[in-house]
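Student: First, the structure itself, so that you have it in front of you.
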Amino acid sequence: MGITCFLPCRKGSERVPKKNIRPIAGYGSGLLEIKLNQLLASRRIDHIILSTNDPDVIAYARSVASTRLEIRARAEELASSSTSTDQLIEFAGAQVEQGDLLWTHVTSPFITAGHYDDMIDMYLRKREEGYDSLMSVNELRGFLWNDAGPVNYDRNVEKWPRTQTLSPLYEINSAVFLAPVDVYRNCHDRIGKTPYKYVLDKIQGFDIDWEEDFRIAEAMLSTGIGKTGIEK
């Protein structure tokens, strides 16, 4: 079946009210408008499933003329603040019979069509090398500690090593998860046992999770620091 995109957009965001559809930097239908334009501009995504319980999201999506976009209403019990990601993963895996599923979010506004295509191409190459899935990450090379002390360097060896020599750690930024549908069903997960880590830069991997993130993204869009890949 090729590459199917799963785009979840539930209503009732608590940390960023109406974040999916709230106007931002001249985009009247907000992050949803940006994301659907990016996904529809991709050469490698064959089908887009917009999973939502939000009437405003549905109304905007219906105005988008594309046979590649399918709106699927989601039951309220799978679209509440108490719905776990594991429950949604089970649901997503049941939406497609075969092929590969690319899970993404509107909250990654700087992942352009080109980025999606590059990640899909990389995923297909890495599958031939033994990886079973792909996830996008940010590379961390700072001085990272937990309650026990440093986690990515040894102060007994060097108290303040150069940051470029630190062993990197990886933060999952939730911009892209890409795996065969079989992984969803067999592993009950959106990544397999051997995921390839696709590193994004700080702007590409920027994720809107809090109100201040929304405002930062709006400033980046307004000043041209962040690029959506969409002609305005």
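Read-outs throughout are calculated quantities, based only on the coordinates presented, and are distinct from any laboratory measurement. As the structure is a computational prediction, the values presented were derived from the model and not from experiment. Cβ placement follows ideal geometry from the backbone for every residue including glycine, while neighbour counts extend to all protein chains displayed.
Student: Could you please give the count of residues in segment 2-17 that are touching a Gly at 6+ places or on another chain (Cβ under 8 Å) and surrounded by fewer than 18 Cβ atoms within 10 Å (Cβ to Cβ)?
Tutor: The qualifying residues number 1.
Student: Now a separate question. State whether one or more residues within segment 48-69 are more than 18 Å from the chain's Cα centre (by Cα), over 21 Å from H188 (Cα atoms), buried (at least 20 other Cβ atoms within 10 Å of the Cβ) and of a type in the set (D, E).
Tutor: yes
Student: Considering (1) touching a Phe, Trp or Tyr at 6+ places or on another chain (Cβ under 7 Å); (2) under 18 Å from H105 (Cβ atoms), say which one Y198 fails and leave the rest.
Tutor: (1)
Student: Of all residues in segment 7-23, how many are of a type outside the set (V, I, T) and under 12 Å from K35 (Cα atoms)?
Tutor: 4
Student: Can I ask one more? Which of the residues belonging to segment 92-113 are out of contact with any strand residue (DSSP E or B) (no Cβ under 9 Å at 6 or more places or on another chain) and under 26 Å from G224 (Cα atoms)?
Tutor: Within segment 92-113, T112, A113 qualify.
Student: Kindly indicate whether any position in segment 140-152 is free of Cβ contacts under 8 Å to residues at least 60 places away in the same chain, within 14 Å of A179 (Cβ to Cβ) and touching an Asp or Glu at 6+ places or on another chain (Cβ under 9 Å).
Tutor: No: zero hits.
Student: Moving to a separate point now. What pairs come up if the first residue lies in segment 74-94 and is under 23 Å from P180 (Cα atoms), the second is among the charged types (D, E, K, R) and not in a helix (DSSP H, G or I), and their beta carbons are under 6 Å apart, counting only those six or more places apart or on different chains?
Tutor: Every condition considered, the pairs that remain are I89/R190.
Student: Look through L124, L134, L166 and report the one residue that is among the aliphatic types (A, V, I, L, M), touching a helix residue (DSSP H, G or I) at 6+ places or on another chain (Cβ under 9 Å) and either surrounded by 15 or more Cβ atoms within 10 Å (Cβ to Cβ) or within 25 Å of D182 (Cα to Cα) (or both).
Tutor: L134
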